[in-house]
Amino acid sequence: MSRALNIWRRTQASVCYRKLPCCHNIPGQKTQICSKTLTTQTFSTLRIPLFAQCTNQQSVILTSRLLSRHKCVRHFSALEQNVWSTKNDEVHDMSGDNTHDVWEQPLKMPEPEIDWEYICEENRENIAANIENRKGVGDIGCVLDLKSEFDSTGSEKTRLELLKAATEIPNRSSPHSPIGDESNARLVGTFGEKSEFNDFKPQKMSKLGEDLNLLRSNNLSITTGGRSYYFTAELADLEHALIRFSLTKLIARGFELVTVPEIINPAVIEACGFHTTGEVTQVYTLDKKFHGEQCLIGTAEMPLAAFFLNGVLDKKELPRRLCSVSRCYRAEAAGREEKKGIYRVHQFTKVEMFGVTDSGTEADNLLLEYLDIEKEMFLELGLHFRILEMPTHELGAPAYRKFDIEAWMPAMDFWGEVNGTACAVPRMVMAIFENFQNKDGSINIPDVLQPFMDGKKVLRKSDAMPDIQWIKHAKVHWTS
């Protein structure tokens, strides 16, 4: 499915997550929120285009084993309905052994529901202007021509071509989003105190970590080569301290902790706005011969979004706030400048925030709530950071609005994005090392993390790993 399948839909719920603060509206001209009191005002959305969408097919209702107070809905295909449905459309007990085969059926993603009332000749100029502001992807003229042809002929081939063309058009942009490229980003605010180094020059994290015998970021041919790393001893402890600190904050605020699968169907990834095929993709795809159509996740938002796939949420239960810890896998382009160190790596650990809420005011409130959580956490960690409202060129096709949070990296002398999420571990570690280093190369541990590290206050050189002198393979003379 295309990354923009949710364009111009009548929206009845919204999702917040990851690049947060970000706001995502769950589609739903046919989405059923149980109270049925939502307005039908049209909103543009951010990603997750199909989750919580209902279809015309009959459904079987069951109680979630994970969260028993919530109602979930499983939508069956026509074949499955022949097995489970009756003439009276009664709901069946799903506890029997004969349900296993049905639930193991391959994933079938429902088609997107597009607001064709908005995609019309009267709105051509507005849509064309938005396409231009969003890097010019999409062709509204082609869409309108195909729509006219389909209205006349009813051809299935034309309908599929129309759907494909329509999904390439980006969602509308927030009126708050600056127009243009990255240079037009709007500074929301700068927070925290900037670290001062009066009697020594700060070192980069990669050198600090290696000198302390806590980090290995070279000689990694056994992994992906570059863009990978080992954390050892107290640095590995620091990683887990960051995770526990983040989860403690989120759970205290009512977030539900969910463990997610890290291998998922590519259709889910596409629905979240990431391309799994083509010349440029950051997605790792498994060997089809052995694993079929499966990919590694790039972020926990993908399986968290899939958690709500084909489900119906009771409006009284909104907002739903979920958090998750996962490994994230990204095939970063080798041509980028940050080849060394841990700033841009192929896999890393991240604590994700994800939310589902009603549209309109509730969505805006959740957006600001997630932003406040991030500000609070980064301030407690003692970081100096800034928040930017990102311009339209920086919005992916499914996006509506986006904020970036950047921490000051004194050794690298630049603002480094630390992700709009609860905690992207490697970059958070970088920010801590560069800002809390001492003249002797030791690292002060932020006060809020010390309780999660048995009271340890300073990271010093570790003797847990032996000093290793690396020898190039070409210089080794092997004997049989």
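The values are calculated or read from the model by the stated rules, or taken from the named source; none is laboratory data. None of the values given here were measured: they were computed from a predicted structure. We place every Cβ from the backbone using ideal geometry, glycine too, and count neighbours over all the protein chains shown. These accessible areas exclude ligands, DNA and RNA; they are computed on the full protein's heavy atoms, side chains included. Shrake-Rupley method; radii C 1.70, N 1.55, O 1.52, S 1.80 Å.
Rounded to the nearest angstrom and listed largest first, the equivalent-ellipsoid semi-axes of segment 103-169 from its Cα gyration tensor are 24, 17, 10.
Here's the picture: charge each Lys and Arg Cβ at +1 and each Asp and Glu Cβ at -1 in segment 220-300, and of 277, 235, 290 the one pushed furthest to the positive end of that dipole is 235. Distance between the 7 Å Cα→Cβ label points at residue 124 and residue 412: 4.7 nm. Number of Lys pairs in segment 277-403 with C-alpha atoms less than 23 angstrom apart, excluding same-chain neighbours closer than eight positions? The number of close lysine pairs in segment 277-403 is 5. When +1 charges are put on Lys and Arg Cβ atoms and -1 charges on Asp and Glu Cβ atoms, the dipole computed for segment 384-447 relative to its Cα centre reaches about 140 debye.
Under 5 Å between amide hydrogens, built in the peptide plane, is the criterion, and for residue 283 it picks out 331 among residues at least 5 positions away or on other chains. Over segment 234-346, the pair-distance histogram of Cα-Cα distances with 10 Å bins from zero comes to 12, 33, 34, 19, 3 percent, rounded to whole numbers.
Stokes-Einstein diffusion of segment 350-408 at 25 °C, 0.890 mPa s viscosity, Kirkwood radius from Cα pairs, rounded to a whole number: 188 µm²/s.
Rounded to the nearest 0.05, what FRET efficiency is calculated for residue 108 and residue 179 with R0 set to 45 Å and r the Cβ-Cβ distance?
Working: r = 39 Å, r/R0 = 0.86.
The calculated FRET efficiency here is 0.70.
What is the gain in length, in nm to one decimal, between residue 277 and residue 450 on full extension, counting 0.36 nm per residue of separation less the C-alpha to C-alpha distance?
On the way: separation 173, 0.36 × 173 = 62.28 nm, distance 4.37 nm.
Contour length minus the Cα-Cα distance gives 57.9 nm.
Taking 0.36 nm per residue of separation and subtracting the Cα-Cα distance, full extension of the segment from residue 149 to residue 380 would add 77.3 nm.
Could you look at segment 295-439 and say what percent of its accessible area is carbon and sulfur, using a 1.4 Å probe and all protein chains? Present the calculation step by step, with values, prior to reporting the outcome.
On the way: 1950 of 4180 Å².
C and S atoms contribute 47 percent here.
Scalar couplings 3J(HN,Hα) for segment 263-280, obtained by applying the Karplus form with A = 6.51, B = -1.76, C = 1.60 to θ = phi - 60°, are 10, 9, 6, x, 4, 5, 5, 4, 5, 7, x, 10, 7, 9, 9, x, 5, 10 Hz; x denotes Gly and Pro. Computed on the Cα trace of segment 153-260, the radius of gyration divided by the Kirkwood hydrodynamic radius gives Rg/Rh = 1.16. Here is the tail figure for segment 310-442: Cα pairs spaced more than 22 Å apart come to 48 percent of all pairs. At what distance in angstrom do the alpha carbon centres of segment 272-297 and segment 363-433 lie from each other? Each part reduced to its Cα centre gives a spacing of 27 Å.
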